Amino acid sequence: MTRKRKSNTNQQAKPAPLTGQTVSQPASTGSPPSTAKPRKWYKVDLHLHTPASNDYEEPQTTFLEWMRTAVAKGLDIAAITDHNTVAGVGAIRREVEWLTRLEKDGRLTETERAQLAEWRELAGKVLLLPGFEFTATFGFHILAIFPPETSLRHLEHVLLTLKVPADKLDVGSTETGASTEVLSAYRIIREAGGLVIAAHANSTHGVAMRNFPFGGQTKIAYTQDVNLDALEVTDLEGRRYSSARFFNGSKTEYPRRMHSIQGSDAHRLHVDAKNVKRLGIGERATEMLLDAPTFEGIKALLQSTQFERTRPARPKDIPFDALMVARAEGPSIVQSFHESASQRGGKLAAILYDVCAFANTAGGTIFVGAGATQRKDKAKGLENPKAVEAEILAGLQERLTPPLEVKIDTIQSEDIQLLRLRVPKGADRPYCLDDNKFYVRDESDTSLAVRDEIVALVREVLEASTATKRPPARNENGSGENRAKSENRDRYNRRDRGRTAEELPEIAAVNGKVQEPELPLIPVTSNGEDELGQRDEAFYLPQIGVEIVETGERNGNRFYSVRDLRNGHIIKNVTRRGARKLWNYAIQQHEDRPAPSHKIEWRGNIGLVGLEKRAGKTRYDLALREGDRIRIFYGVTDDGMEGEWASFVQEE
């Protein structure tokens, strides 16, 4: 479809065919677009059904009415994604082609002439992308989006390759019988030139749906595969459990940060007044910051690491405010806030500490010019953001080793300006300030790293370097194993099942007598397996929290070795008095409230010891029974409970 810029009469429109060929339209004049033009935010909805889907709720809707609604809702880019069919795309193309042929032959009626004129007008206002919503094996839904000029024959060939039966290509049903499994579908769509998006990933038929009866490695592969461009989620805003935060790259099992977008999944023109969950066109759209409103622009964005260039679409009278959204989420392992960057009071230094900590942990975003809490007094902002930016960059250049590229931009929040620093997880960890101060991020706090954490950072980098030099693992057929799957398994072997006795020497060997903990610890053999031989479940342990793995006593003081479940690091010689918040909580519970087995709420071999509210979050103490031994995990949060552990999550 031909698309004109609505607000720039000096830019010549490029044909972007709705029909698979250029729609006849008077040529526009003007100078070619400048290569230096600024990016713009465009409203995009990549999940829209038409009457070609057999579950469409308003089957009498015409395709011209559908197109009118897309324009009326202010969409710049829309995708047709009917269930396992491109019949809707074909119907629109045939209608426009027929009217164009009648015009060429001079046989248009007045009604037909008006319809063709309207099609052309609408074509200049919204870019329409062809695609489909594919139903993979076990009912998982995948969006496939293609360039506007893609032929129907090519699209149908892709559907046939995905094993949609030929006699069902025009049915538009969610059910197609035996089809293609998820990872193969990702690859087929990508190789055919399409964008691959997991549809409503966090809900029904979504590849990341919680409590789905599949193993953890399957969930990881389905949401981290190299051929997957983005996750479409339904909880992008204002929810206690946000899938976007869950896939932000901070979790060991999900190390690849994913673009999270939203789509309307509209099966009608307008929202159902009786059931607001039945959305209409453009009701739950995404805004994308693009060089141009094109398929190529979307593809480049979703295949980049520029995650700040997507955001939920908002009504014009309630614009998106990045600071307000961030403050609603609060400080976290990947987000922090600073009201100023002044030298006085060490505020500039605190910002540099956070940069170093994020680089050593999982990356993150720092807001400078606003505190974390949303008090009655609004954020003050910065009077001269550019000057503050220069101070921060100078501080990093002078004090941070090795060098790190930190992206800084000025953002607007209501009537104030502030800085947003985007810090990557550094490739040359560990990073330090002033040559000898190593910082890490622990939940919402930045702390100096202790010796074992520094050692772990070095080991991680060395292991990653070694892994890149290894040849690909081979499967039974001799073909290369999926790299992400192999790396995830290796990560689980290191993290979830503990260390061998040789890797975790007893404190007693150096410091004195070891005291047995109240509940016996699980032994780990030299081959990395426990005495039950269990190894293959990615979410065998919670993903966040602390486990006490060893206790000892020296000069009347107790010392502990604790395992950080977030990354598997084991930290030795921790005392209750000198421990960080979560470590201190674990030691306090361990010493003051030992958990007898008969008081644990067991569900099979996993159990709930207790829960309490801490720092605005519900924290769970959990138990795992392995034969006659029990392991306790302290301070686990909701988003650290996957697999069987999710059954303990308390609803608000």
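Exactly one residue among Arg629, Arg614 is modelled with pLDDT of 90 or more and charged (D, E, K, R), and that residue is Arg629. The requirement of being within 26 Å of the chain's Cα centre (by Cα) and free of Cβ contacts under 8 Å to residues at least 40 places away in the same chain is not satisfied by Thr575. If you go through segment 539-558, how many residues are under 18 Å from His590 (Cα atoms), touching a helix residue (DSSP H, G or I) at 6+ places or on another chain (Cβ under 7 Å) and of a type in the set (A, V, I, L, M, F, W, C)? Residues in segment 539-558 being under 18 Å from His590 (Cα atoms), touching a helix residue (DSSP H, G or I) at 6+ places or on another chain (Cβ under 7 Å) and of a type in the set (A, V, I, L, M, F, W, C): 3 in total. Selection over segment 375-431 of residues that are within 22 Å of Cys356 (Cα to Cα) and assigned to a strand (DSSP E or B) gives a count of 12.
Report yes if some residue within segment 620-641 is farther than 16 Å from Glu443 by Cα, touching an Asp or Glu at 6+ places or on another chain (Cβ under 6 Å) and not in a strand (DSSP E or B); otherwise report no. For segment 620-641, residues farther than 16 Å from Glu443 by Cα, touching an Asp or Glu at 6+ places or on another chain (Cβ under 6 Å) and not in a strand (DSSP E or B): absent.
Restricting attention to segment 434-445 and to residues that are surrounded by fewer than 20 Cβ atoms within 10 Å (Cβ to Cβ) and not in a loop (DSSP other than H, G, I, E, B), the residue that is modelled with the highest pLDDT turns out to be Lys437. The single condition among (1) modelled with pLDDT under 90; (2) under 16 Å from Ile632 (Cβ atoms); (3) among the acidic types (Asp, Glu) that Glu537 does not satisfy is (2).
Please enumerate the residues belonging to segment 376-413 that are within 12 Å of Ala341 (Cα to Cα), in contact with a strand residue (DSSP E or B) (Cβ under 6 Å, 6 or more places away or on another chain) and among the acidic types (Asp, Glu). Glu389 - this is the single residue of segment 376-413 that is within 12 Å of Ala341 (Cα to Cα), in contact with a strand residue (DSSP E or B) (Cβ under 6 Å, 6 or more places away or on another chain) and among the acidic types (Asp, Glu). Looking at segment 566-578, can you tell me whether even one residue there is surrounded by fewer than 21 Cβ atoms within 10 Å (Cβ to Cβ), modelled with pLDDT of 90 or more, in a helix (DSSP H, G or I) and among the polar types (S, T, N, Q)? Scanning segment 566-578 turns up no residue that is surrounded by fewer than 21 Cβ atoms within 10 Å (Cβ to Cβ), modelled with pLDDT of 90 or more, in a helix (DSSP H, G or I) and among the polar types (S, T, N, Q). Checking the stated criteria, Thr637 turns out to be closer than 30 Å to Ala208 by Cα and among the hydroxyl-bearing types (Ser, Thr, Tyr).
A count restricted to segment 595-619 and to residues that are more than 22 Å from Ser444 (Cα to Cα) and surrounded by 17 or more Cβ atoms within 10 Å (Cβ to Cβ) stands at 6.
Taken over segment 579-610, the criterion of being assigned to a loop (DSSP other than H, G, I, E, B) and touching a Ser or Thr at 6+ places or on another chain (Cβ under 8 Å) is satisfied by Arg580 alone.
The values are calculated or read from the model by the stated rules, or taken from the named source; none is laboratory data. Predicted, not measured: the structure shown is a model, and the values here were computed from it. In this analysis, Cβ positions are derived from the backbone assuming ideal geometry, glycine residues included, and neighbour counts consider all displayed protein chains.
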